[in-house]
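Asker: Below is one structure. I have some questions about it.
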Amino acid sequence: MIKHEPDKDVIEKIIFLFNKKKYLEALDLSDKIINKYPNSILINNILGVIHTELKNYTFAKNLFIKVINLNPKYNDGYYNLANIYNKIGEEDNAIKNYERVIELDKGYYKAYNNLGNIFRKRNLNKKALEYYILTLNINPNYIRGFYNLAGVLQHFILDEKNKYINKFFLYLLENRTIVRPNAIATNVINGLFLNTNLKDNFSLIENINFPKNLNKIIEGLNENKLLLQFMKVCPIPNYYFEKNFIKIRNEILNQIYNLNFKKIYLNFLVALSAQCFLNEYVYSETNEEIFKVNKINERIKNNINTKKINELEILILSCYSPLHSFDWSSKIDPSNELKETFILQYEDYNEEKEYTKKIKSISEINDSISIKVKNQYEENPYPRWTNLGLSIEPRHIKEVIEDINLNVDIKKINFSKNVEILIAGCGTGQHAITTASKYKNAEIFALDLSFNSLAYAKRKAKELKCENINFFQGDLLSLKKVNKKFDIIESVGVLHHMADPLIGWATLTNCLKKDGLMLIGLYSEKARGNIANVRKTINNLKIKTTKKNIINFRKDIFEKNNPQWETIKHSPDFYSTSGVRDLLFHIQEHRFTIDIIRKKMKKLGLVFLGFEDTYVLERFKKNYDNNEDLYNLDTWIEFEKKNPRIFSGMYQFWCKKI
Ligand SMILES: C[S@@+](CC[C@H](N)C(=O)[O-])C[C@H]1O[C@@H](n2cnc3c(N)ncnc32)[C@H](O)[C@@H]1O
């Protein structure tokens, strides 16, 4: 009998070389074997996969077609062929072949996932979502599927019941590195209203039986795992939630010594306390509440040495002030029920305090605006975040840049072997850690004015095992002293808070290597028109920046239905103290237009390479399909005129020295 397939150990050797990314060696061996077994399905298929890696797509395509002809039921062959069609832009052919795979094997989850990607590219987001859900229902451990799901959830509004989606939301909110909870918060809220009985629960608060029905309400909320997790990962950007949480908090405080079913209250209070901590206690409080809180505080103070700890008392207090702010907190020996809150509100805080002592400074701060900005972020480090969307794996700098599709010939750029990256104004680390996860062999120099922000960043970097960031304190105006040049400089949301952004930008430009790339994020005058108006009102009314004033001002905005202020309520920043301060009470804010940015770049000898934000780019491409338009600032000016709020997430763009 003629043997069609080579021995198993030969196949294994090729696969071993392939997995080690030794593609040329794998190719060499396969080529030798194929001569002996020209009709081997396995070898032809492997050869196709190797050629795919080597970007020889036509070659690979023909090999997969051969494989399918040899065995029309070989689903890997169809799958690989579909991938090639996808890569060369023949999406209809790709769809046909993925569908064939699914006909042959209903459990082939990667085929559903890749179909989801094609629908996503075609802006058929609802269909893409369906396919990602199919993927994850087959393989709930497929991390890429979760990344894709999180991606699509940021581009459309969930408006129908879906019996699967909440379990995936829960997974996404429990995972530390797939997605920023804020990015999917609107859809999580929709998922809670559409697929759970949250609305009925909240309506019990407006019922005449309130507060007698408190047990029933807490019982209902406690069963809602997604809600509790959501409360623990980001300030929930919705006033309806806020109003109800304020009422519940007040009522639990009222009944704190008469609560039956202690366990459900403990569990719920851990989540409510986390929510209040994350929003930095932005909820309004009555004098009566303050009085009661003070009384409980006194009671605990008197009892703490007797070790008679009432967890409910401690938890309700931690819904009004962080545990570390009470002088007795160091004496707590936390029980299991208190552990989570104790770590969040006491241990993390102390860890950060230790870090502030160890962070090195690059210079003294002399600029008067920098001093004021520093003070603001020392008092309110911003943004406070829990989870992030990190890259699945770090990649070579050229691959990363190629994906952003910048107007630059990446082959001609000589990046250093160890890519040196400066994050100027890294704040609480979200940006620096995300960047660190993208690039292979990268060393990150992360600078900020605020020790407290840096300490938060350092703690989070440690928690996420991100080891290639060095944090420094100082003014970016002093970067000259560091005497270092960088391959990449990123500064997002920083320059517009300086006395003269152009001087700051020039300082950064001087730190860029000859071929280096720079990512800048600046406020848009058009997108922030509404915010500028509120800021004007705050200035005219001479409202001082105190926590109390911030809380009262928010209350006014919610209660007086001024249509001019409506959009502010949709900003996630409006739901935390540091967020409101950054959004409306910042001591220094400049806003830009595209034309002004163009002029500044000209002055600095920089060229525009393209915008970064995928949402903005997708919207732009729907209107302008010529690739060159992407790099034409006149077209962008026209686009922004038609879509004045499009840059509400800032102008984020890349540039380089001419
Ligand atoms: C709005 S936060 C943005 C933080 C971070 N880039 C992000 O996207 O999460 C602005 C940060 O810029 C920092 N900053 C402002 N002016 C600076 C300066 N002159 N030098 C260094 N950092 C500065 C502030 O301390 C603050 O942490």
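The values are calculated or read from the model by the stated rules, or taken from the named source; none is laboratory data. Small disclaimer: the values here were computed from a predicted structure and weren't measured. With ideal geometry, Cβ positions are generated from the backbone for all residues, glycine too; neighbour counts draw on all protein chains shown.
Asker: Would you mind finding the one in 410, 392, 404, 421 that is in the same structural domain as residue 483 (by TED's automatic domain parsing), touching a strand residue (DSSP E or B) at 6+ places or on another chain (Cβ under 6 Å) and under 22 Å from residue 440 (Cα atoms)?
Answerer: Criteria check complete, one pass: 421.
Asker: A further question follows. With the condition kept exactly as written, say whether any residue in segment 485-492 is surrounded by fewer than 18 Cβ atoms within 10 Å (Cβ to Cβ) and either more than 20 Å from residue 367 (Cβ to Cβ) or modelled with pLDDT under 95 (or both).
Answerer: For segment 485-492, residues surrounded by fewer than 18 Cβ atoms within 10 Å (Cβ to Cβ) and either more than 20 Å from residue 367 (Cβ to Cβ) or modelled with pLDDT under 95 (or both): present.
Asker: Another question, then. Among 171, 142, 131, 164, which is crowded, with 20+ Cβ neighbours inside 10 Å and of a type in the set (Ser, Thr, Tyr)?
Answerer: 131
Asker: So which helices (runs of 4 or more DSSP H) are wholly in segment 278-371 and hold at least 3 residues that are within 30 Å of residue 573 (Cβ to Cβ) and of a type outside the set (Ser, Thr, Tyr)? Show your work before the answer.
Answerer: Numbers: elements: 287-303, 311-317, 336-342, 348-358.
Those helices (runs of 4 or more DSSP H) span 287-303, 311-317, 348-358.
Asker: Quick one: is residue 66 at pLDDT 95 or above, surrounded by fewer than 16 Cβ atoms within 10 Å (Cβ to Cβ) and not polar (S, T, N, Q)?
Answerer: Here the answer is no, as residue 66 does not meet what is asked.
Asker: Now for a separate question. Check segment 378-400 and report whether any residue there is free of Cβ contacts under 8 Å to residues at least 40 places away in the same chain, within 13 Å of the ligand (Cβ to nearest atom), under 18 Å from the mean Cα position of the chain (by Cα) and within 23 Å of residue 572 (Cα to Cα).
Answerer: Within segment 378-400 (the criterion being free of Cβ contacts under 8 Å to residues at least 40 places away in the same chain, within 13 Å of the ligand (Cβ to nearest atom), under 18 Å from the mean Cα position of the chain (by Cα) and within 23 Å of residue 572 (Cα to Cα)), the answer is no, since none of the residues qualifies.
Asker: Restricting segment 106-126 to residues that are surrounded by fewer than 16 Cβ atoms within 10 Å (Cβ to Cβ) and basic (Lys, Arg), which is nearest to residue 150 (Cα to Cα)?
Answerer: Initially, segment 106-126 is screened for residues surrounded by fewer than 16 Cβ atoms within 10 Å (Cβ to Cβ), giving 106-107, 121-123, 126.
Filter again for basic (Lys, Arg), leaving 106, 121-122, 126.
Working: 106: 24, 121: 15, 122: 17, 126: 13 Å.
Here the answer is 126.
Asker: How about segment 480-495: which of its residues are more than 15 Å from residue 374 (Cβ to Cβ) and either within 9 Å of the ligand (Cβ to nearest atom) or in contact with a Lys or Arg (Cβ under 6 Å, 6 or more places away or on another chain) (or both)?
Answerer: The answer is 485, 487, 490, 491, 492, 493, 495.
Asker: Now for a different question. What residue, among those in segment 444-457 that are in contact with a helix residue (DSSP H, G or I) (Cβ under 6 Å, 6 or more places away or on another chain) and surrounded by fewer than 24 Cβ atoms within 10 Å (Cβ to Cβ), is farthest from residue 346 (Cα to Cα)?
Answerer: 451
Asker: Still on this structure, I have one more. Of all residues in segment 536-571, how many are basic (Lys, Arg), touching a helix residue (DSSP H, G or I) at 6+ places or on another chain (Cβ under 9 Å) and surrounded by fewer than 17 Cβ atoms within 10 Å (Cβ to Cβ)?
Answerer: The qualifying residues number 2.
Asker: Looking at segment 461-479 only, could you name the residues that are away from the ligand (no atom under 16 Å from the Cβ) and not charged (D, E, K, R)?
Answerer: Passing the criteria: only 468.
Asker: Would you be able to tell me the number of residues in segment 558-584 that are outside any helix (DSSP H, G or I) and either among the small types (Gly, Ala, Ser) or at pLDDT 95 or above (or both)?
Answerer: 2
Asker: Further, regarding this structure: For segment 599-644, which positions are part of a helix (DSSP H, G or I), under 26 Å from residue 514 (Cα atoms) and more than 29 Å from the chain's Cα centre (by Cα)?
Answerer: Matches in segment 599-644: 599, 600, 602, 603, 604, 628.
Asker: Could you please give the count of residues in segment 205-219 that are surrounded by fewer than 17 Cβ atoms within 10 Å (Cβ to Cβ) and assigned to a helix (DSSP H, G or I)?
Answerer: Of the residues in segment 205-219, 4 are surrounded by fewer than 17 Cβ atoms within 10 Å (Cβ to Cβ) and assigned to a helix (DSSP H, G or I).
Asker: Here is a follow-up. Has segment 277-291 got any residue that is under 22 Å from the mean Cα position of the chain (by Cα), of a type in the set (Asp, Glu) and not assigned by TED's automatic domain parsing to the domain that holds residue 569?
Answerer: For segment 277-291, residues under 22 Å from the mean Cα position of the chain (by Cα), of a type in the set (Asp, Glu) and not assigned by TED's automatic domain parsing to the domain that holds residue 569: present.
Asker: If the Cβ limit is 6 Å and pairs must be 6+ apart or interchain, which residue in segment 582-609 that is more than 16 Å from the ligand (Cβ to nearest atom) pairs with which residue that is of a type in the set (Val, Ile, Thr)?
Answerer: Going by the 6 Å Cβ cut-off, the qualifying pairs are 594/637; 604/509; 605/658; 607/658; 609/408.
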